[in-house]
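Worksheet: one structure, shown below.
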Amino acid sequence: MVVNLKRFSRKPELFTGGHRLCAGCGIATIVRQVLMAVENPVVVSNATGCLEVGSTIYPYTSWKVPWIHSAFENSAATISGVETVYRALREEGAITEDIRFIAIGGDGGTYDIGLQALSGALERGHDFTYICYDNEAYMNTGMQRSSSSAYGSWTTTTPVGKIGKGKMVKKKPLTDIVVAHHIPYAAQAAPGHWRDLMTKVQKALATRGPSFLNILQPCVPGWRIEPFESMKAAKLAVETCYWPLYEVVDGSYRVTVKPKEKKPLVEYLKLQGRFRHLLSEENRPLLDELQAEVDAAWEELLQKSEPSEANPETN
Ligand SMILES: Cc1ncc(C[n+]2csc(CCOP(=O)(O)OP(=O)(O)O)c2C)c(N)n1
């Protein structure tokens, strides 16, 4: 599968401007990349969260594809129903078009409240792609921690002060949990590596059966970065191996972007206000612990991956 930028630049935008997402929000970039990579008609179900709130303020919408708002907990269940009706109508001959189905949710709607709906839809084997945009907190309601918030990160419910050092519970390994469902395609992506992301969207949509993409999404207010820094943060997450880019096809792991030079984790952390406390001398042990964890997870991933198939950075 070859992603051709020239061809994409000529395609109509399916996610338009004029939305109310924050300046520099990673979600808009992710959704534009996702919809630009789409080749077939699609139906999208979208859980409550920043994306839904920011892109569909009544009576306006940024979506130029059929779009259903779901509750926080059931984006995957909603698309399961739509996909089932579609299959029945197709069998009857009432629909002949090849339509694809996408469910989208934030980390709160995916790692936490929507996990049962996601797990159920994966287990039943629906033909759909689930996309989690992971900004590592409940951003839409005031930056509360989620089970995806990074270990050591500041959120409004894991404050930093005399007592607290940020979130003291580790990030839930959702991609691993999804892979354990034995689905045909699962991957991690980030919008700073657009070619990698869009190739994965095309692969996921071409997969028969359930597919899953976990996409890291920089959040300007929640990560305490400047609007112009969000793609830089996304790239640093990959370059430091905090957020490795890989795919799992029928159970086989493959690192899709191998950084030419693995940068120290602090390069990623120091850009963001939510990690500022980790730069103090007093919190050095915590920083070292985080670095050791990233190193161990990266080594484990390399061990699991097909040898020599990882591509050097291409974006
Ligand atoms: C069952 C339920 N609990 C809580 C809420 C309130 N609520 C709406 S959006 C949201 C946070 C969404 O977080 P996330 O899914 O990470 O998306 P983000 O806002 O970060 O895009 C919460 C708690 C709700 N709508 N439904």
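Scanning the range 248-265 for residues that are free of Cβ contacts under 8 Å to residues at least 60 places away in the same chain, open to solvent by 20 Å² or more (accessible area, probe 1.4 Å) and either part of a helix (DSSP H, G or I) or out of contact with any Cys (no Cβ under 6 Å at 6 or more places or on another chain) (or both) yields S252, Y253, R254, K258, K260, E261, K263, P264. Out of the residues in the range 113-160 meeting the condition of being of a type in the set (S, T, N, Q) and touching a Cys at 6+ places or on another chain (Cβ under 6 Å), tell me which one is farthest from the ligand (Cβ to nearest atom). By that ranking, first place goes to N135.
Among the residues of the range 51-68, is there at least one that is assigned to a loop (DSSP other than H, G, I, E, B), polar (S, T, N, Q), more than 19 Å from the chain's Cα centre (by Cα) and under 24 Å from Q188 (Cα atoms)? If you could, list the steps in order and put the result at the bottom.
Initially, the range 51-68 is screened for residues assigned to a loop (DSSP other than H, G, I, E, B), giving 56-62, 64-66.
Now narrow it down to the ones that are polar (S, T, N, Q): 56, 61-62.
Then keep just the ones that are more than 19 Å from the chain's Cα centre (by Cα); that gives 56, 61-62.
Pick out the ones that are also under 24 Å from Q188 (Cα atoms) and you get none.
There is no residue in the range 51-68 that is assigned to a loop (DSSP other than H, G, I, E, B), polar (S, T, N, Q), more than 19 Å from the chain's Cα centre (by Cα) and under 24 Å from Q188 (Cα atoms).
Looking across the range 203-247, the residues that are open to solvent by less than 10 Å² (accessible area, probe 1.4 Å) and of a type in the set (S, T, Y) come down to S211, S230, T240.
Pairing each residue of the range 159-187 that is closer than 15 Å to E123 by Cα with any residue that is part of a loop (DSSP other than H, G, I, E, B), provided the two are 6+ apart or on different chains, yields C-beta distances under 6 Å for I183/P210; P184/T207; P184/G209; P184/D250; Y185/T207.
When you go through E73, E13 one by one, which is the residue that is in a loop (DSSP other than H, G, I, E, B), closer than 23 Å to I177 by Cα and not aromatic (F, W, Y)? I'd like the intermediate steps shown before the answer.
On the way: E13 fails: closer than 23 Å to I177 by Cα.
From the options E73, E13, the qualifying one is E73.
The C-beta contact set for the range 284-300 (first residue closer than 14 Å to K263 by Cβ and in contact (Cβ under 8 Å) with a residue 12 or more places away in the chain, second residue among the β-branched types (V, I, T) and open to solvent by less than 20 Å² (accessible area, probe 1.4 Å), distance under 6 angstrom, 6+ apart or interchain) is empty.
The values are calculated or read from the model by the stated rules, or taken from the named source; none is laboratory data. Quick caveat: nothing in here was measured; it's all calculated off a predicted structure. Counting neighbours? That spans all protein chains shown, and the Cβs are built from the backbone with ideal geometry, glycine included. Heads up: the accessible areas ignore ligands, DNA and RNA and are worked out on the full protein's heavy atoms, side chains in. Shrake-Rupley method; radii C 1.70, N 1.55, O 1.52, S 1.80 Å.
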